[in-house]
1. Give the number of residues within the range 248-273 that are in contact (Cβ under 8 Å) with a residue 60 or more places away in the chain and within 23 Å of residue 66 (Cβ to Cβ).
2. Among the residues of the range 89-113, how many are in a helix (DSSP H, G or I) and out of contact with any helix residue (DSSP H, G or I) (no Cβ under 6 Å at 6 or more places or on another chain)?
3. Among the candidates 137, 81, single out the residue that is part of a loop (DSSP other than H, G, I, E, B), in the same structural domain as residue 173 (by TED's automatic domain parsing) and either within 21 Å of residue 203 (Cβ to Cβ) or modelled with pLDDT under 90 (or both).
4. Suppose the filter is in a helix (DSSP H, G or I) and outside the structural domain of residue 196 (by TED's automatic domain parsing); does residue 292 pass it?
5. Go through (1) out of contact with any helix residue (DSSP H, G or I) (no Cβ under 6 Å at 6 or more places or on another chain); (2) under 26 Å from residue 62 (Cβ atoms); (3) in a loop (DSSP other than H, G, I, E, B) one by one and return the number of the condition residue 122 breaks.
6. Only one of 213, 156, 168 is buried (at least 17 other Cβ atoms within 10 Å of the Cβ) and in the same structural domain as residue 95 (by TED's automatic domain parsing). Can you tell me which?
7. From the residues in the range 210-245 that are at pLDDT below 85 and outside any helix (DSSP H, G or I), which one is nearest to residue 46 (Cα to Cα)?
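The values are calculated or read from the model by the stated rules, or taken from the named source; none is laboratory data. Keep in mind it's a predicted model, so treat the numbers as computed, not measured. Here the Cβ positions follow ideal geometry from the backbone for every residue, glycine too, while neighbour counts run over all protein chains shown.
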């Protein structure tokens with residue numbers, strides 16, 4: 001089967017969804033927030049990913065938002081629902097150099113960051129970069145790696161650099177880590193520590209498809225065959241410009257105060273041992289800006305903040321029932337908080 005991957009402009013995709021946009025007909029004027037090109041790219045990315053991962057609109061939206069905001073993405077779900085397919089589709093669509101790290105119990109930190117070896121030819125020690133030196137790093141089944149190897153990603157995800165043997169090397173920009181993990185409690189998993197989870201801008205899941213979508217998947221629609229034909233929709237330089245435009249989207253003081261109030265409320269929620277950090281507040285604003293671009297706006301509304309709060313904050317909360325229930329459990333707590341804190345009026 002052949003698939004046409006030449007995606008039409010965002011305006012022809014029926015995007016943005018009117019149910020989420022404050023004013024779906026509003027489009028930014030050129031020069032205001034510098035977002036028209038970013039919105040165009042966002043629509044094309046959303047269309048391309050939706051053609052590969054069928055029936056997972058929320059996960060696709062979260063993935064595009066992470067790309068636009070320049071943040072890392074965690075995909076948690078049971079085996080076989082398309083986590084790796086989504087991660088590969090993101091990498092294929094945005095271009096750049098892709099590196100894959102397969103998680104397993106014997107993975108060493110040097111297998112991720114690189115290693116210094118002695119070269120007899122030059123009579124000196126030389127650094128051999130690891131797979132993390134790429135524009136897009138796919139870490140498959142991250143929680144099947146031991147904690148020591150997980151920790152090797154802490155510096156790379158936050159500071160975009162690698163320190164080995166007293167020397168520091170910068171990572172490419174943009175640098176996106178897309179990690180998949182199986183639900184905690186499955187055999188052979190090592191739960192991610194709080195500092196690791198806090199470095200992921202968004203966490204999402206795909207879930208089981210409905211019966212009609214599963215029937216399409218069973219006969220070869222979507223997934224691998226479409227992924228094989230997916231061509232890059234942008235260059236690394238264009239993507240970086242789109243990320244800069246997204247970061248320039250207007251955030252009013254009232255919207256920022258609302259986002260901070262949601263984050264602070266997680267620290268006082270019943271049963272929560274550790275709430276979201278100030279880094280989470282910064283991330284929530286960035287994700288809301290990306291969500292606004294997805295909806296062809298150059299300003300953030302409270303609806304953008306509400307849409308991004310569960311995937312941005314849920315995985316950062318620490319409690320026994322969240323550890324057992326995964327990111328879904330954290331998302332439910334955030335949705336309860338959303339119902340208790342009134343959003344500012346326009």
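1. So the answer is 7.
2. The initial filter retains those residues of the range 89-113 that are in a helix (DSSP H, G or I), namely 89-94, 110-113.
In the following step, the residues that additionally are out of contact with any helix residue (DSSP H, G or I) (no Cβ under 6 Å at 6 or more places or on another chain) were identified as 91-92, 110-111.
Number of matching residues: 4.
3. Numbers: 137 fails: part of a loop (DSSP other than H, G, I, E, B).
When all the criteria are applied, what remains is 81.
4. On the way: in a helix (DSSP H, G or I): yes; outside the structural domain of residue 196 (by TED's automatic domain parsing): yes.
Taking the combined requirement at face value, the residue satisfies it.
5. (2)
6. Values: 213 fails: buried (at least 17 other Cβ atoms within 10 Å of the Cβ); 168 fails: buried (at least 17 other Cβ atoms within 10 Å of the Cβ).
Going through 213, 156, 168 in turn, just one is buried (at least 17 other Cβ atoms within 10 Å of the Cβ) and in the same structural domain as residue 95 (by TED's automatic domain parsing): 156.
7. Top of the filtered list is 222.
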